[in-house]
Every structure is written in C-alpha cells, then in structure tokens.
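Mind looking over this structure? Questions follow.
Only the coordinates and a few stated rules stand behind these numbers; no lab work does. From a predicted model like this one, the values you see are computed outputs, not experimental measurements. Because the Cβ atoms are built from the backbone with ideal geometry, glycine has one as well, and the counts that use them run over all protein chains shown.
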Amino acid sequence: MSTVTISAQDINKLRQMTGAGMMDCRKALTETNGDFEAAIDWLRKQGQKVAAKRSDREAKEGVVIAKTTADNKTGIVVCVSCETDFVSKNADFVAFAQTIADAAISSNVKSLDELNNTTVNGSKVSDLVNDKLASIGEKIGITKFERVDAPYVASYIHGAYRIGVLVGLSKEAAEAGKDVAMQIAALNPVAVDAESVPADVIAREKDIALEQLKNDPKMAGKPADMLDKIAAGKLNAFFKEQTLVAQAFVKDGGKTVGDYLKSVSSDLKVTEFKRVALG
C-alpha cells in the first residue's frame, strides 16, 4: 500500500459526500489510498449498514442540562440524547453535554439550528456531535432546546440529568425560582395559568368532558346547556390540576403555587417556564 497523505480537507469532503463520521472517513480514505470512489464503496460495505441500523434505534437516554447566564436574565435547557444509560452516566458524556450548554449560553443561542451551527474551539457543534457518535458507536444528537428570557430566570436539573427546568420570574427571587422549578419537574403543568393554556388543549379537554357526559347513563336526556355547564366544571378542575399557579404547592399542600408566590412578594409572578425531560 502506498503512503498517500490524507488531508483534513479530504476527510471533510468525503464526510460531506457521505454523511459518515470523521473517523470512518479517515479510515476509508486510508484503506483506499485516497481514492474517493473506492472510499465511498468501502464505507458502503463497512459502514452504511451500521448507519442504517443507528437511524432505526431510538435515543431514549441522554443528559439534560439547564443553566442560566451570569446575570440570570436568560436560561437555556438542552437534551443531548444517546441510546444507553451506560453512555449517559459516563462522566465524559456529561461533560460533553455541559460543553454544548456552555456554547449555547456564551453564543446567546436562540434555536436548535443556531446551536448546531455554533462554533466551539474552531469546530461546529454539529461536527462535534458527529465526532462523538463516531467515537462511542451510539446514535447521539441534540434533540431538544428551549430558552427563557425574563427579569430573572431560575434553572433546575432533576435527578441524574433526566429533567431540566427553566422558570422566568417577574423579579429576582432565587429560592422561589428553585421551589417553583422543582414543582414543575414533579407535576409537569401544561401552562402557567388558565389564560395561557393553548386553545387546542382547551378544546380537546372540553370535547373529552362532553363525550364522557354523553356516555354517562345518568346524563341521558339532559339538555345541552346543562351538559355544557358540567363540562365547564370539569374544565375548571383540569385547570386546577394542570396549570402551575393553581396547583397545590408541593412543599405545602395547604396553599397553591400562586399563594406561595404572593407570600414571597405581592408582585412576584411566573412569566413562563420550560420543562425538558428524557424520552
């Protein structure tokens, strides 16, 4: 075999042509003396089956990182997913996810696409992900990204990096922010309050309530307006259970989250929240 020099440009070119990982492309070019057509054939014989298998596997494990800027005005949460808990619990993989989150913060990233195109130490994040995929042999990727901007943002990571929460507050309140974030991690509300529940969610819940009533023999023959009123009551119960400020506060079931916020400061409000969980 002749000693052909394989340049970084050659590796990148083959990578762009095939979508294969950097290490695979390097080996393919080395094995075929830099012949691109032969390298593509080599990848198809050696790697394409692996790539297809990876694409069919679900990345249900991973690491969720939530963090804020130093001034607590902006928070981000990212999920870097993988296939096994063996990888997700590995310190190097957790550190890799932290690097991605740090890049999102330092580059003021606003979307997942923007994050993938952010540069870290001269390399795009998307390339770093591909390199990590090639090195560990599992399907990995940045599967979720959320951001919150507010006068004060609190972040919270639950468990072994399995749930990340951001809470936007109307004013600085670090302890309250952590308490509310823990509430969101535990009870997963659908919205801050009834007014902020998406219209499609309300319509679906109302339809479910009406259908339940129509199927209830006790409701047979009842007028439509009565059914509507009962359905509205069921919807109010949904708001109480599923909206943040109306939920019973996990640290004190005798008050709602809204009551708790008022006890901290009369004008303290949650402006928005984001919750990202594995799976």
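Could you tally the net charge around A231, taking each other residue with its Cβ under 14 Å from the Cβ of A231, Lys/Arg +1 and Asp/Glu -1?
Taking every other residue near A231 into account, the sum is 0.
Still on this structure, please answer the following. Provide the net charge surrounding D10, with neighbours chosen by a C-beta distance below 15 Å and charges set as Lys +1, Arg +1, Asp -1, Glu -1.
My count for the surroundings of D10 gives 0.
Report the convex hull volume per residue for region 194-270, counting only C-alpha atoms, in Å³.
Considering the Cα atoms of region 194-270, their hull volume per residue is 113 Å³.
Return the long-range amide H neighbours of I163 (sequence gap of 5 or more, or a different chain), with a cut-off of under 5 Å between placed amide H atoms.
H158
Now, a different point. For region 119-166, take the convex hull of the Cα atoms, compute a quarter of its surface area, and give me that in nm², please.
The orientation-averaged projected area of the Cα hull of region 119-166 comes to 4.9 nm².
With θ set to phi - 60°, apply the Karplus curve 6.51 cos²θ - 1.76 cosθ + 1.60 along region 9-14 and write out the HN-Hα couplings as whole Hz, x wherever there is a Gly or Pro.
5, 5, 4, 5, 4, 5
Mind pulling the angle between the C-alpha long axis of helix 199-214 and the longest principal axis of the chain? Nearest 10 degrees, somewhere in 0 to 90.
60
OK, next. For a test of the definition: using alpha carbon positions, the gyration tensor, and the 1.5 limit on a/c, classify region 62-170 as rounded, prolate or oblate.
It is oblate, given that a/c is not under 1.5 and a/b is not larger than b/c.
Please give the Cα centre distance for region 1-44 versus region 156-201, rounded to the nearest Å.
With region 1-44 and region 156-201 each reduced to a Cα centre, they are spaced 47 Å.
Right, something else. Between E37 and Q16, what length comes free when the chain is fully extended (0.36 nm per residue of separation minus the Cα-Cα distance, one decimal in nm)?
6.2 nm
On to the next question. Determine the calculated [θ] at 222 nm for the chain from helices alone, applying -39500 (n - 2.57) to every DSSP H run no shorter than 4 residues and normalising by the residue count; nearest 500 deg cm²/dmol.
Calculated mean residue ellipticity at 222 nm is -14500 deg cm²/dmol.
In addition: Would you mind getting me the FRET efficiency between K110 and L187? Use the beta-carbon distance for r and R0 = 35 Å, nearest 0.05.
0.80
With a Förster radius of 22 Å, plug the Cβ-Cβ distance of D207 and E272 into 1/(1 + (r/R0)^6) and report the FRET value to the nearest 0.05.
The value I calculate is 0.25.
So which of K89/K144; K89/K178; K218/K255; K178/K229; K110/K269; K89/K132 end up more than 27 Å apart by C-alpha?
K218/K255; K178/K229
With θ set to phi - 60°, apply the Karplus curve 6.51 cos²θ - 1.76 cosθ + 1.60 along region 166-174 and write out the HN-Hα couplings as whole Hz, x wherever there is a Gly or Pro.
These are the phi-based 3J(HN,Hα) values: 10, 10, x, 10, 6, 7, 5, 6, 4 Hz.
Compute the angle between helix 125-136 and the longest alpha-carbon principal axis of the chain, please, reported from 0 to 90 degrees and rounded to the nearest 10.
70
Through the Karplus equation 6.51 cos²θ - 1.76 cosθ + 1.60, θ set to phi - 60°, convert the phi angles of region 178-185 into ³J(HN,Hα) values in whole Hz; use x for Gly and Pro.
5, 4, 5, 4, 5, 4, 5, 4
If you don't mind, there's one more thing I want to ask. For the chain, place one equal point scatterer on every Cα, skip the solvent, and apply the Debye formula. What is log10 of I(q)/I(0) at q = 0.08, 0.09, 0.16 Å⁻¹?
Log-scaled intensity ratios, in q order: -0.50, -0.59, -1.16.
Pairing the Cα long axis of helix 22-31 with the longest principal axis of the chain, what angle in degrees results, from 0 to 90 and rounded to the nearest 10?
Approximately 20 degrees, to the nearest ten.
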